[in-house]
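To start, the structure itself, in structure tokens.
The values are calculated or read from the model by the stated rules, or taken from the named source; none is laboratory data. Everything numeric here is computed off the predicted structure, so don't read it as measured data. Note that we place each Cβ from the backbone using ideal geometry, even for glycine, and neighbour counts take in every protein chain shown. For the accessible areas, the whole protein counts, side chains as well, though only heavy atoms, and no ligand, DNA or RNA atoms are used. Shrake-Rupley method; radii C 1.70, N 1.55, O 1.52, S 1.80 Å.
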Amino acid sequence: MIKITDLSHSFVLGKKNHQTSIPILQNISFEVERGKIVTIVGKSGSGKSTLLNLISGFIHPTAGQIWIDGEETTAFNEIQFADFRLEHMGFIFQTFQLISSMTAFENVELPLTLKGIKETERRERVLQLLDKVGLADFRDYYPGELSGGQQQRVSIARAMVLHPPLILADEPTGSLDSETEADLLQLIKKLNRQEGITFLIITHDESVAKIGHQTITIHDGHLLQRSYI
């Protein structure tokens, strides 16, 4: 599903004649099998969020290659990657990033609307997903009327609504209490098992890391180790 080869990235600071290059990631290589949950762990500043941004195409690497679903995405321009993201990726964020003026139904429906899916199909698909994440009775609630765990379930449904083969999650339980976190992790495992979706999860939480079929540890920009269950 994902193949990363000799991936490096540096941020350049300063003006043209007085620039300083700060290495963030150095010679990272690993593969993610289709249908697996892979967790990426590391301390704050280790480079794990930069890695996620490189994989999702929001920043371009200094060196190396990224292959996703058989395509070399490092060769894409911004427009090509935007189209690729729409077809191949869903996103879950720590802060949910739901639109406060839209109901749970409307938040999940939005990607379908942007893609031009007909209303009848949109409604059917959204209702199925809200039921799948346990929120069928909350479809008309606004984000401010939902708990943190419920909001994150809405964001998971939104991430899945276009049937992407890959979901990228950045600290998806970081804003949740331990009981809600446990429920959400069970949901991710269930969706992975039932839908065959590949999950790539950035986390510093040991309990989140444990759900991965594979855990990749990043330390000071280097891939420190890979472990499997």
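Brief remarks on what is shown
- Test for residue 136: is it among the small types (Gly, Ala, Ser), farther than 19 Å from residue 170 by Cβ and touching a residue at least 40 places away in the same chain (Cβ under 8 Å): no
- Identity of the residue in region 174-209, in a loop (DSSP other than H, G, I, E, B) and touching a residue at least 60 places away in the same chain (Cβ under 8 Å), that ends up least open to solvent (accessible area, probe 1.4 Å): 197
- Residues in region 6-29 that are in contact (Cβ under 8 Å) with a residue 60 or more places away in the chain and at positive phi: 1 in all.
- Residue 154 falls short on exactly one of the conditions (1) modelled with pLDDT under 95; (2) within 20 Å of the chain's Cα centre (by Cα), and that condition is (1).
- Among the conditions (1) surrounded by fewer than 18 Cβ atoms within 10 Å (Cβ to Cβ); (2) closer than 19 Å to residue 130 by Cβ; (3) of a type in the set (A, V, I, L, M), residue 160 misses just one, which is (1).
- Criterion: assigned to a strand (DSSP E or B) and farther than 16 Å from residue 200 by Cβ - qualifying residue of 5, 74, 39: 5
- Residue 163 meets each of the listed conditions (1) in contact (Cβ under 8 Å) with a residue 12 or more places away in the chain; (2) within 19 Å of residue 192 (Cα to Cα) apart from (1).
- Scanning region 212-229 for residues that are among the hydrophobic types (A, V, I, L, M, F, W, C) and open to solvent by 20 Å² or more (accessible area, probe 1.4 Å) gives 223, 224, 229.
- Residue that is farthest from residue 91 (Cα to Cα), among those in region 52-71 that are open to solvent by 20 Å² or more (accessible area, probe 1.4 Å) and not in a strand (DSSP E or B): 62
- Taking region 72-118 as the range and being aliphatic (A, V, I, L, M), open to solvent by 50 Å² or more (accessible area, probe 1.4 Å) and more than 30 Å from residue 134 (Cβ to Cβ) as the test, the residues that pass are 75, 79.
- On the stretch given as region 30-51, residues that are among the small types (Gly, Ala, Ser), touching a helix residue (DSSP H, G or I) at 6+ places or on another chain (Cβ under 9 Å) and either without any contact (Cβ under 8 Å) to a residue 40 or more places away in the chain or open to solvent by 20 Å² or more (accessible area, probe 1.4 Å) (or both) total 1.
To keep it simple, each residue is scored yes or no on (1) at pLDDT 90 or above; (2) of a type in the set (Val, Ile, Thr).
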{"residue": "4", "(1), (2)": "yes, yes"}
{"residue": "18", "(1), (2)": "no, no"}
{"residue": "56", "(1), (2)": "yes, no"}
{"residue": "67", "(1), (2)": "yes, no"}
{"residue": "75", "(1), (2)": "yes, no"}
{"residue": "89", "(1), (2)": "yes, no"}
